Amino acid sequence: MSDHSHLKAQNLFSCKGLTAVVTGGGTGIGLMQTLALVENGAKVFITSRNAEKLQDVAKKYGGDGNSKGEIVAVQGDISNKEGIEKLVKEIESQAKDGINVLFNNAGIAGEGSREGYEDVNTEDAKAYSSQLLKSEFKEWDDILHTNVAGQYFTAAAFIPLLNAGAKSTKGYASQIINVSSISGLMKGASGGQFAYAASKAALVQMSKVMAREFLPLKIRVNQIAPGIFPSEMTAGDSDKQTHKSDLSDTSKGKGLPSGRPGNENDMAAATLYLASYAGVFVNGQFIAPDGGATVATPSSI
């Protein structure tokens with residue numbers, strides 16, 4: 001009788017021996033991805049500007065460096081080249097064989113047109129115009145700077161480490177996983193967030209371009225486009241002890257087949273499919289763990 005143990009979930013979806021970088025890995029979706037990776041054996045570098053929060057996450061959730069993996073906190077700022085270069089050098093000094101996965105997760109929201117958008121009369125030209133003009137050029141600049149340019153320059157800077165990881169890890173082709181959003185797939189403004197929706201749509205397209213252009217380097221590029229998940233962006237804050245956010249007391253997701261918003265199990269499933277050995281044959285694709293929101297919304301693609 002032939003042995004098919006390689007088809008067991010613990011082998012297919014293992015991350016043992018892999019090294020990952022998760023930007024924005026201290027809270028929200030980034031933390032969910034970090035936990036999924038480390039619980040399945042990966043060494044994970046988490047980054048953000050908040051060093052204290054990162055250190056606490058590493059202390060609370062870090063593994064043993066063996067079966068459970070390991071979390072390493074590295075403070076960094078992806079909003080400028082100097083910050084990104086410093087981040088890459090620090091990680092390079094601790095990952096001599098390169099990295100296997102880069103989760104481009106860091107992102108921001110926040111524009112004036114969002115506040116009160118649901119209450120404005122969209123058939124009143126003056127009222128609607130005034131609502132949209134509550135946004136500022138600076139808000140658009142900041143959102144596109146972080147959510148698009150920041151992801152581009154971060155990906156570009158990590159190419160040598162990803163290439164090194166591909167050469168040093170047998171059976172695994174390194175990859176970048178860009179975290180976009182269903183806001184970049186739908187035709188609606190996500191509650192008045194025109195800049196945010198535009199930035200995520202740009203990231204969706206940029207991911208496709210990267211997947212094509214990075215082929216000669218043997219670096220894959222995929223993306224996760226989440227629906228509603230608990231994060232500081234959607235819940236407004238995170239617990240100071242666990243660094244996790246909660247949407248259980250809201251009505252979000254009630255109309256979906258799941259009857260709820262996404263949770264860390266849902267994000268872990270998407271993360272492990274793409275990041276583990278199970279997803280090595282996947283390139284240039286996206287997963288939208290959204291509970292069916294893009295299907296249920298008439299204004300979706």
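Can you give the local net charge around residue 251? Use residues other than it whose beta-carbon is closer than 15 angstrom to its beta-carbon, Lys and Arg +1, Asp and Glu -1. Summing Lys and Arg as +1 and Asp and Glu as -1 gives 0.
Anisotropy class assigned to segment 77-179 is prolate, per the alpha carbon gyration tensor with a/c at or over the 1.5 cut-off and a/b larger than b/c. For the chain, modelled as a GNM whose springs connect Cα atoms under 10 angstrom apart, the maximal fluctuation among 185, 102, 12 occurs at 12. The alpha carbon gyration tensor of segment 120-274 gives principal lengths a ≥ b ≥ c with a/c of 1.5 or higher and a/b no greater than b/c, which makes the shape oblate.
Computed over neighbours whose Cβ is under 13 Å from that of residue 288, the net charge equals -1, Lys and Arg +1, Asp and Glu -1.
Computed from point charges on the beta carbon alone (+1 for Lys and Arg, -1 for Asp and Glu), the dipole magnitude for segment 15-122 about its Cα centre is near 440 Debye.
Angle of helix 194-213 to the longest C-alpha principal axis of the chain, folded into 0 to 90 degrees and rounded to 10: 30°.
Farthest toward the positive end of the dipole of segment 34-122, out of 76, 122, 107, is the Cα of 76, where the dipole comes from beta carbon charges about the Cα centre. Rounded to the nearest 10 degrees, the angle from helix 150-168 to the longest Cα principal axis of the chain is 20 degrees.
Close amide H pairs (under 5 Å, H built 1.01 Å from N) link residue 102 with 21, 175, 176, 177, residues at least 5 positions away or on another chain. Taken per residue, the accessible surface of the chain reaches 49 Å², heavy atoms only and a 1.4 Å probe.
Can you list which of the GluC sites (Glu not before Pro) found in segment 79-135 are DSSP loop residues with at most 10 other C-beta atoms within 10 Å? Kindly include the intermediate steps, with their values, before the conclusion.
On the way: sites: 82, 85, 90, 92, 111, 115, 118, 123; in loops: 111, 115, 123.
Those satisfying the criteria are 123.
Secondary structure note: in the chain, about 5% of the DSSP beta bridges are antiparallel. Mind checking the angle between helix 81-94 and the chain's longest principal axis? C-alpha axes, 0 to 90 degrees, to the nearest 10. The answer is roughly 30 degrees. Reported value for segment 1-135: 180 Å³ per residue, from the convex hull of its C-alpha atoms.
Spatially, segment 98-127 and segment 167-246 are offset by 14 Å when compared through their Cα centroids. Per-atom-type breakdown for the chain gives carbon and sulfur 53% of the accessible area (1.4 Å probe, protein chains only).
Taking the chain as a Gaussian network of alpha-carbon nodes connected by springs under 10 Å, the highest mean-square fluctuation of the residues 252, 200, 68 belongs to 252. If only the Cβ of Lys and Arg carry +1 and only the Cβ of Asp and Glu carry -1, the dipole of the chain around its Cα centre is close to 1000 debye.
The values are calculated or read from the model by the stated rules, or taken from the named source; none is laboratory data. Please read these numbers as outputs of a predicted model, since none were measured by experiment. In this analysis, Cβ positions are derived from the backbone assuming ideal geometry, glycine residues included, and neighbour counts consider all displayed protein chains. Remember, those area values only see protein heavy atoms, side chains included, never the ligands or the DNA or RNA. Shrake-Rupley method; radii C 1.70, N 1.55, O 1.52, S 1.80 Å.
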